[in-house]
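The values are calculated or read from the model by the stated rules, or taken from the named source; none is laboratory data. These figures come from a predicted structure and were not determined experimentally. Cβ sites come from the backbone with ideal geometry, for glycine too, and all protein chains shown count toward neighbours. What goes into the accessible areas is simple: the full protein's heavy atoms, side chains included, and nothing from ligands, DNA or RNA. Shrake-Rupley method; radii C 1.70, N 1.55, O 1.52, S 1.80 Å.
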Amino acid sequence: MSPRFSVLTTVFDPEPEHLIACLDSVAAQLGPDVEHIVVDDASTRAEVRAVLDELPDVARRRVIRRSENGGIVAASNDALAAATGEFVVLVDHDDVLATTALATLRARLEDDPDIELAYTDHDLLRPDGRRASPVFKPDFSLERLRNHNYITHLVVARRTLVNEIGGFRAGTDGAQDHDLLLRLAERVGHVHHVPEVLLHWRQSPASVASDVANKPVAFEREIDVVATHLDRCG
């Protein structure tokens, strides 16, 4: 039987201890209905490669290694292509799933089998390891999503729907999640909000969670993906 959840994680040169925490948080929730697809986008740090080389052999976890760096869109599409679950769950390489994340999502999907796209609340993992700044999001608003990606993490989407819209769109690196959400929102009748903190977004040195100036090109691409969305909607 195919798993219900395929957790997708692309990896490129995170802090090794942050990657380990991410992998462990997913491994603790693996089972017959959960698989973890990890795609290393040709990381250059030997420590990161060593973490992946030395991973315990855990059922339902698959590590894919790209021969050259292609960027987050290419790596995400590789992860999507390898997924077999009914739903994909997007988790960054230095983020941590809450211990009840997948169980909570599983219960929501059982209660409402019509859900095709859902998101949860999140908080931040400070550099000192403390959790802080919980983000309690509103229910879905397309107009708000057009202004900024207030959803960010955690996102779960029906895999067949993600494939139908073409997966992650080339040229949107840095704004690929926003672009995906907008394209999915154009297709689904209802976007479901799970009002629980189910992901801890790490404030790593290179993360937007620490400083929005860390990825200036992302702002230009955010404008592009929203403009393209508006064009599609007429």
The stretch 70-87 residues that are among the basic types (Lys, Arg), paired with ones that are in a strand (DSSP E or B) and modelled with pLDDT under 95 (beta carbon under 9 Å, 6 or more apart): none
In the stretch 6-20, the residues that are over 12 Å from VAL91 (Cα atoms) and either in contact (Cβ under 8 Å) with a residue 12 or more places away in the chain or open to solvent by less than 40 Å² (accessible area, probe 1.4 Å) (or both): PHE12, ASP13, PRO14, GLU15, PRO16, HIS18, ILE20
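Residue check: is ILE64 over 15 Å from the mean Cα position of the chain (by Cα), of a type outside the set (Gly, Ala, Ser) and open to solvent by 40 Å² or more (accessible area, probe 1.4 Å)? First the steps, then the outcome.
On the way: over 15 Å from the mean Cα position of the chain (by Cα): yes; of a type outside the set (Gly, Ala, Ser): yes; open to solvent by 40 Å² or more (accessible area, probe 1.4 Å): no.
Criteria not met by ILE64.
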Where VAL34 falls short, out of the listed (1) open to solvent by 20 Å² or more (accessible area, probe 1.4 Å); (2) in contact with a Phe, Trp or Tyr (Cβ under 9 Å, 6 or more places away or on another chain); (3) of a type in the set (A, V, I, L, M, F, W, C): (1)
Residue check for LEU105: open to solvent by less than 20 Å² (accessible area, probe 1.4 Å), of a type outside the set (Val, Ile, Thr) and closer than 19 Å to ARG4 by Cα: yes
Residue within the stretch 207-216 that is within 22 Å of ALA75 (Cβ to Cβ), surrounded by 20 or more Cβ atoms within 10 Å (Cβ to Cβ) and touching a Lys or Arg at 6+ places or on another chain (Cβ under 7 Å) present: yes
The one condition in (1) modelled with pLDDT under 95; (2) assigned to a loop (DSSP other than H, G, I, E, B) that PHE219 fails to fulfil: (2)
Failed criterion for GLY71 (all others in (1) at positive phi; (2) touching a helix residue (DSSP H, G or I) at 6+ places or on another chain (Cβ under 6 Å) hold): (2)
Lone qualifier among GLU54, GLU116, GLU47 - being under 25 Å from LEU180 (Cα atoms), among the acidic types (Asp, Glu) and open to solvent by 10 Å² or more (accessible area, probe 1.4 Å): GLU116
